[in-house]
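Structure record follows, encoded as structure tokens.
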Ligand code: SF4
């Protein structure tokens, strides 16, 4: 199945998904990626003691690191924090980033929203990105158009994996500086 993180990477640069799927293990984990993993573990402990009021899900059941997968969607993923009531849900993604949420983060949250809807049969109309360095919370509306884009990205990833054709490089070249596959894209340097 396609991991939700591939949807995020597809929005960032389709080539990252190509390398990840067709050359597994080839990427070099960057310092930023290692920092993000340990920061996430630390934040889980912190969030456990915090109120859910800021999410508008004060009495929800809170779970961390929830794995969801759906064969019909051909999608799977691990939700950092899932807040669930009997009739609705929201997902929270923890990010070690300094900037505002990007299109890639929105795609990732849309992927989780699709999974929650298909697996748990609960609507997700709003999701959240919690920026780790300053604990800023960003509310991301999960509009139908965003869900449709995520479904389209799933189809595109599937086509790319079957054709094994290298996609175009990232349109925004500064992205390449932080990329784990920088050594594989000889045409950008
Ligand atoms: S180095 Fe740049 S073009 Fe190559 S995969 Fe990374 S982001 Fe994409």
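From the list 150, 161, the lone residue that is within 22 Å of residue 2 (Cα to Cα), buried (at least 19 other Cβ atoms within 10 Å of the Cβ) and either within 16 Å of the ligand (Cβ to nearest atom) or within 13 Å of the chain's Cα centre (by Cα) (or both) is 150.
The number of residues in the stretch 118-129 being surrounded by fewer than 22 Cβ atoms within 10 Å (Cβ to Cβ) and in contact with a helix residue (DSSP H, G or I) (Cβ under 8 Å, 6 or more places away or on another chain) comes to 2. For the residues 174, 133, the requirement of being touching a helix residue (DSSP H, G or I) at 6+ places or on another chain (Cβ under 9 Å), surrounded by fewer than 16 Cβ atoms within 10 Å (Cβ to Cβ), over 17 Å from residue 7 (Cα atoms) and modelled with pLDDT under 95 singles out 133. If the condition is being within 11 Å of the ligand (Cβ to nearest atom), farther than 11 Å from residue 157 by Cα and surrounded by 22 or more Cβ atoms within 10 Å (Cβ to Cβ), then the stretch 3-15 contributes only 13. None of 186, 143, 177 is near the ligand (Cβ under 9 Å from one of its atoms), free of Cβ contacts under 8 Å to residues at least 12 places away in the same chain and farther than 15 Å from residue 11 by Cα except 177.
Output yes when any residue across the stretch 84-101 is closer than 20 Å to residue 141 by Cβ, surrounded by fewer than 16 Cβ atoms within 10 Å (Cβ to Cβ) and free of Cβ contacts under 8 Å to residues at least 12 places away in the same chain, and no when none is. Yes: one or more hits. Suppose the filter is more than 16 Å from the ligand (Cβ to nearest atom), within 16 Å of residue 8 (Cβ to Cβ), within 17 Å of the chain's Cα centre (by Cα) and not in a helix (DSSP H, G or I); does residue 124 pass it? No, not satisfied.
The values are calculated or read from the model by the stated rules, or taken from the named source; none is laboratory data. Quantities reported herein were computed from a predicted structural model and do not represent experimental measurements. Every residue, glycine among them, receives a Cβ derived from its backbone with ideal geometry; neighbour counts consider all protein chains shown.
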